[in-house]
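> Can you read through this structure? Questions will come right after.
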Amino acid sequence: MGIILKSPDQIEGIRESSILAAECLDEVTPYVKEGVTTARLNQIVHEYIYDNDAKAATIGYKGYKHATCISPNDVICHGVPSNKVVVKDGDILNIDVTTILDGFYGDNSRMYMVGNVTDNARQIVEAAKTCLDIGIKQCYPGNYVGNIGYEIAKYAEGLGYSIVFEFCGHGVGIRFHEEPEVAHKAEKNSGPIMKPGMTFTIEPMINEGKARAKVDRSDGWTARTIDGKLSAQWEHTLLITKEGVEVLTDIHGEYPKPLKLI
Ligand code: MF3
Ligand code: CO
Ligand code: CO
């Protein structure tokens, strides 16, 4: 199939879906508190998506049944929302949501810190966010996709973290998971070259201990660190433009918008 370069109309659709996906994470923020279940947090996002005439991309995806993945502490990704998982003081958790609006996909996730978190926990959350930002800085036409992972791994490993290699970023927009695969640890100047019209995610997962993941046998989804140590992840959907990159899931004006040449 190859990498899909999106048309201006497709980009507009992906932009709208990405905004909605980011709004979901704003919407759920005030509810992320000690005592709430991850099933309840999922329900809030679920309702917000369907109230906005969209769908959750994860529902029905390879048999997955929920509008979000919610991954606390040692869960790397694909944490299954459950009324048995109660958020505790000191938890760090990732909430990941992918929307389908008018057929277009937007994908993002953030970390949330609950109450009094340890210094270690805060540090891995902040380092994972910096990994995402470092990856975004590598996004411009003519650069290699591999340089995203090269720079992320250099930074995170320098701090003593390991990089999860079993899950990657991905092209997104027309389908949930498109080419290219965006590894968060890669060789310098490897992989495809970025071109205007490419849309993909960067979603680094970094671990305090070993890099490997093991999936819970009970649900077949929840991916945990093999040593029980912490993991953290942030994700944005990006568009490569002629001038550089636009962070489509940035609804807070955190990243500069590229000038649009008419
Ligand atoms: N949103 C995740 C990603 O960033 C994928 C979740 S797939 C699921 O690619 F089936 F686990 F929900
Ligand atoms: Co993704
Ligand atoms: Co995601």
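The values are calculated or read from the model by the stated rules, or taken from the named source; none is laboratory data. This is a predicted model, so every value here is computed, not measured. Counting neighbours? That spans all protein chains shown, and the Cβs are built from the backbone with ideal geometry, glycine included.
> When you look at residue 58, is it at pLDDT 95 or above and touching a Pro at 6+ places or on another chain (Cβ under 8 Å), yes or no?
When the stated conditions are applied, residue 58 does not pass them.
> List pairs: first residue in the stretch 157-179 and more than 9 Å from ligand 2 (Cβ to nearest atom) and polar (S, T, N, Q), second residue in a strand (DSSP E or B) and at pLDDT 95 or above anywhere in the structure, Cβ distance under 7 angstrom, at least six positions apart or on different chains.
Qualifying pairs under 7 Å: 162/206; 162/207.
> Could I ask something else about it? Looking only at residues that are hydroxyl-bearing (Ser, Thr, Tyr) and crowded, with 21+ Cβ neighbours inside 10 Å in the stretch 64-82, which one is nearest to residue 229 (Cα to Cα)?
71
> Regarding the stretch 83-99, can at least one residue be identified that is in a loop (DSSP other than H, G, I, E, B), surrounded by fewer than 24 Cβ atoms within 10 Å (Cβ to Cβ), within 9 Å of ligand 1 (Cβ to nearest atom) and among the aliphatic types (A, V, I, L, M)?
Checking the stretch 83-99: not a single residue is in a loop (DSSP other than H, G, I, E, B), surrounded by fewer than 24 Cβ atoms within 10 Å (Cβ to Cβ), within 9 Å of ligand 1 (Cβ to nearest atom) and among the aliphatic types (A, V, I, L, M).
> Then there's this: Can you say whether residue 51 is in contact with a strand residue (DSSP E or B) (Cβ under 7 Å, 6 or more places away or on another chain), more than 24 Å from residue 201 (Cα to Cα) and more than 11 Å from ligand 1 (Cβ to nearest atom), as far as the supplied structure shows?
For residue 51, the condition - in contact with a strand residue (DSSP E or B) (Cβ under 7 Å, 6 or more places away or on another chain), more than 24 Å from residue 201 (Cα to Cα) and more than 11 Å from ligand 1 (Cβ to nearest atom) - is not met.
> Among all residue pairs at least 6 apart or on different chains, which show Cβ distances below 8 Å where the first residue, located in the stretch 11-35, is at positive phi and the second is part of a helix (DSSP H, G or I) and crowded, with 19+ Cβ neighbours inside 10 Å?
If the second residue must be part of a helix (DSSP H, G or I) and crowded, with 19+ Cβ neighbours inside 10 Å, no pairs are left.
> Considering only the stretch 100-114, state which residues are in contact (Cβ under 8 Å) with a residue 24 or more places away in the chain and more than 10 Å from ligand 1 (Cβ to nearest atom).
Once the filter is applied, which keeps residues that are in contact (Cβ under 8 Å) with a residue 24 or more places away in the chain and more than 10 Å from ligand 1 (Cβ to nearest atom), the stretch 100-114 yields 100, 101, 102, 103, 104, 106, 110, 111, 112, 114.
> When the residues of the stretch 235-256 are filtered to those that are in contact with a strand residue (DSSP E or B) (Cβ under 6 Å, 6 or more places away or on another chain) and either of a type in the set (Lys, Arg) or under 23 Å from residue 73 (Cα atoms) (or both), which remaining residue is nearest to ligand 3 (Cβ to nearest atom)?
The extreme case among them is 235.
> Restricting attention to the stretch 102-149, and to residues there that are small (Gly, Ala, Ser) and away from ligand 2 (no atom under 15 Å from the Cβ), which single residue is nearest to residue 240 (Cα to Cα)?
142
> To continue, here is another question. Applying the selection to the stretch 15-63, what residues are among the hydroxyl-bearing types (Ser, Thr, Tyr) and crowded, with 18+ Cβ neighbours inside 10 Å?
17, 18, 38, 48, 58 - these are the residues of the stretch 15-63 that are among the hydroxyl-bearing types (Ser, Thr, Tyr) and crowded, with 18+ Cβ neighbours inside 10 Å.
> How do the strands (runs of 3 or more DSSP E) wholly within the stretch 157-232 filter down when requiring 3 or more residues that are of a type in the set (Phe, Trp, Tyr), surrounded by 14 or more Cβ atoms within 10 Å (Cβ to Cβ) and modelled with pLDDT under 95: which remain?
none
Residues are listed down the side, and each one gets a yes or a no for (1) out of contact with any Ser or Thr (no Cβ under 9 Å at 6 or more places or on another chain); (2) closer than 22 Å to residue 171 by Cβ:
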site	(1), (2)
192	yes, yes
200	no, yes
211	no, no
218	yes, no
235	no, yes
239	no, yes
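> May I pose another question? Which one is farthest from residue 134 (Cα to Cα), of the residues in the stretch 239-258 that are modelled with pLDDT of 95 or more and touching an Asp or Glu at 6+ places or on another chain (Cβ under 7 Å)?
Among those that are modelled with pLDDT of 95 or more and touching an Asp or Glu at 6+ places or on another chain (Cβ under 7 Å), it is 251.
> Among the residues of the stretch 15-56, which ones are under 17 Å from the mean Cα position of the chain (by Cα) and not in a helix (DSSP H, G or I)?
Result: 56, single match.
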